[in-house]
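Readers should treat all values here as calculations from the given coordinates under stated rules, not as data from a laboratory. Source: prediction; values computed, not measured. Positions of Cβ are generated from backbone atoms using ideal geometry, with glycine treated the same way; all protein chains shown enter the neighbour counts.
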Amino acid sequence: MFNHRRVFVLLCALGTCLFTGADWAQFRGPHGLGTSSEKGLPVEWSTGKNIVWRTALPGGGASSPITVGKRIYVTCYSGYGEDKANPGKMDDLKRHLVCLDRAGGKILWTKNFVPLLPEHQYKGEGSYHGYAASTPASDGERLYVFFGKSGVYCFDLDGNELWHKSVGNKIDRWGSGTSPLLYKNAVIINASIEDGSLVALDKMSGKEIWKTKGIGSAWNTPFLAKAPSGETELVISIQNHVLGLNPDTGKELWRCEGIHRYVCPSVVAHDGIAYITGGDQATLAVRLGGRGDVNKSHVLWRTKRGSNASSPIIHEGHLYWASTRGGIITCQEASSGKVLFQHRLKPNVDIIYASPLLADGKLYFPSQHSGTFVLAATPKFDLLAHNVFQDDNSRTNSSIIVSDGQLLMRNDRYLYCLGK
């Protein structure tokens, strides 16, 4: 019998990282770009409109769901930090890995975790995203889940633990938020908070393959990009620098000036050029394939504004991103950095932490409490819809994903399936 999932695993082992049709198996989906080629997706939804199903989750989280075959996997937390005004006791904190049926949203099983304490306090800036911000990743046969100082877990698709590995025990007042990245036989973890390092673990055993130190103030998920030579580079944005690494060894290939503060948005790349934004202060483009200091040789342009938390979208020669506060959407010409529009969303937006989705010629920007804004993916601002659930104003920090002609969207209360 022809085994599509084993073919999937073989392709990933060869480094091509292709995803089977409906699978959205990592943060920002196929290739980590936040884009989908699917058509016929919903533009509008509300309570009672274009909701196929919704399922109550055991807790909140900023992580996105992933799909593998006929199942959905998502992480949550509960017991502590569910209410900023009354966070409760940290000793009651629990984390959850939830498996749902893709067709009807039924919860098939839930795995509960007792975290390694103490965690960061849920107050002030520490309450921005909670304790389940890392999106799982899957190679089609296993799940890889990162819970900060509590470590990296590997499960089979039925939730049986295969291995567990610590990658550091430090915490930060802003918590931990990076997601696992799969490459060949490795799961790569940005443990900037936990250990100041980038770590590659063997997918089968959890054994450390390599570790690169000096990864400071980086809350973003690393990105695999093709250089003009065809070689794969691992690109990560850290405080003050952008780094290009060899993903097989962790050895640094190149670096350039980056964002001069903490960095949350992940890198995107297209046609041998990486695009980096962060800190509300800068966006830049860097040609891949350099060696050593590439500030003068490979940095193509740099502007003085950028997204603080939400990652960008690259589409048809244009770069799109959202400011964290104020709901300002920016479109730049990818070749030059020229700003083509900056437009404030109306009605007024509180906060946008979620990274946008590009699908069916549309850009989907979820906000925390002001609904989801859908724009035409063109260099002229064109708002197509503003969608809210009238009976649910729960915090939304998670990116929307695409699955079989529908959208999957989670907030701190529910997982929604949107579409026909």
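For this structure, a couple of remarks:
- Segment 96-252, relative contact order in percent, only Cα pairs under 8 angstrom and at least six apart counted: 14 percent
- Total charge dipole magnitude, the chain, about the Cα centre, Cβ charges on Lys, Arg, Asp, Glu only, Debye to nearest 20: 320 debye
- Rounded to the nearest 0.05, the FRET efficiency derived from the C-beta distance between Glu252 and Thr47 at R0 = 60 Å is 0.75.
- Three principal axis lengths of segment 84-139 [C-alpha, angstrom, descending]: 38, 25, 20
- 37 °C / 0.692 mPa s Stokes-Einstein diffusion coefficient of segment 322-420, Kirkwood radius on C-alpha pairs, µm²/s: 235 µm²/s
- Straight Cα distances below 21 angstrom link Lys70 to the lysines Lys39, Lys106, Lys111, Lys420, with same-chain residues fewer than 8 positions distant left out.
- Each of Val114 and Asp202 was given a label point 7 Å from its Cα along the Cα-to-Cβ line. The distance between the two points is 3.0 nm.
- Dividing the summed -39500 (n - 2.57) terms of all DSSP H runs of n ≥ 4 by the residue count of the chain sets its mean residue ellipticity at 222 nm at -1000 deg cm²/dmol.
- For a label point 7 Å along the Cα-to-beta-carbon line of Ser229, residues of segment 239-258 with backbone N under 15 Å: 244-255
- Volume of the Cα convex hull of segment 78-217, divided per residue and given in Å³: 110 Å³
- Charge sum, other residues only, whose C-beta stays under 10 Å from Ser64's C-beta, Lys/Arg counted +1 and Asp/Glu -1: +2
- Using the Karplus relation 6.51 cos²θ - 1.76 cosθ + 1.60 with θ = phi - 60°, the per-residue 3J(HN,Hα) values for segment 382-397 come to 8, 7, 8, 6, 10, 10, 9, 9, 5, 9, 8, 10, 5, 4, 10, 10 Hz, with x marking Gly and Pro.
- The chain, relative contact order in percent, only Cα pairs under 8 angstrom and at least six apart counted: 15 percent
- Ranked packing of 47-54, 252-259, most packed first, by mean Cβ within 10 Å: 252-259, 47-54
- Signed unit charges on C-beta, dipole axis of segment 40-92, positive-most listed residue Pro87, Ser46, Gly61: Ser46
- Cross-link partners of Lys184 among lysines, defined as those whose alpha carbon lies under 23 angstrom from its own and excluding same-chain residues fewer than eight positions apart: Lys165, Lys203, Lys207, Lys211, Lys213, Lys226, Lys251.
- The Cβ shell under 10 Å around Ala377 holds other residues with a net charge of -2, Lys and Arg each +1, Asp and Glu each -1.
- With a Förster radius of 41 Å applied to the C-beta separation of Asp92 and Glu316, the computed FRET efficiency comes to 0.25.
- Estimated inter-spin distance, Asp382 and Ala85, nm [label 7 Å along Cα→Cβ]: 4.3 nm
- Straight Cα distances below 13 angstrom link Lys149 to the aspartates and glutamates Glu119, Asp172, Glu194, Asp195, with same-chain residues fewer than 8 positions distant left out.
- Segment 371-420 - charge dipole about Cα centre, Lys and Arg +1 at Cβ, Asp and Glu -1, debye rounded to 20: 80 debye
- With contacts taken as Cα pairs under 8 Å at a separation of at least 6 residues, segment 217-335 carries a relative contact order of 19 percent.
- Assigned charges on the beta-carbon of Lys, Arg, Asp, Glu; segment 301-348 dipole about Cα centre (debye): 280 debye
- Using the average count of surrounding beta-carbon atoms within 10 Å as a protection proxy, the listed peptides 328-335, 130-137 rank, highest first, as 130-137, 328-335.
- Separation between Cα centres of segment 280-301 and segment 243-267, rounded to whole Å: 11 Å
- When the P(r) is computed for the chain, the part past 42 Å accounts for 6% of the Cα-Cα pairs.
- Amide H to amide H, with H built 1.01 Å from N, Val167 comes under 5 Å of Gly151, Val152, counting only residues 5 or more places away or on other chains.
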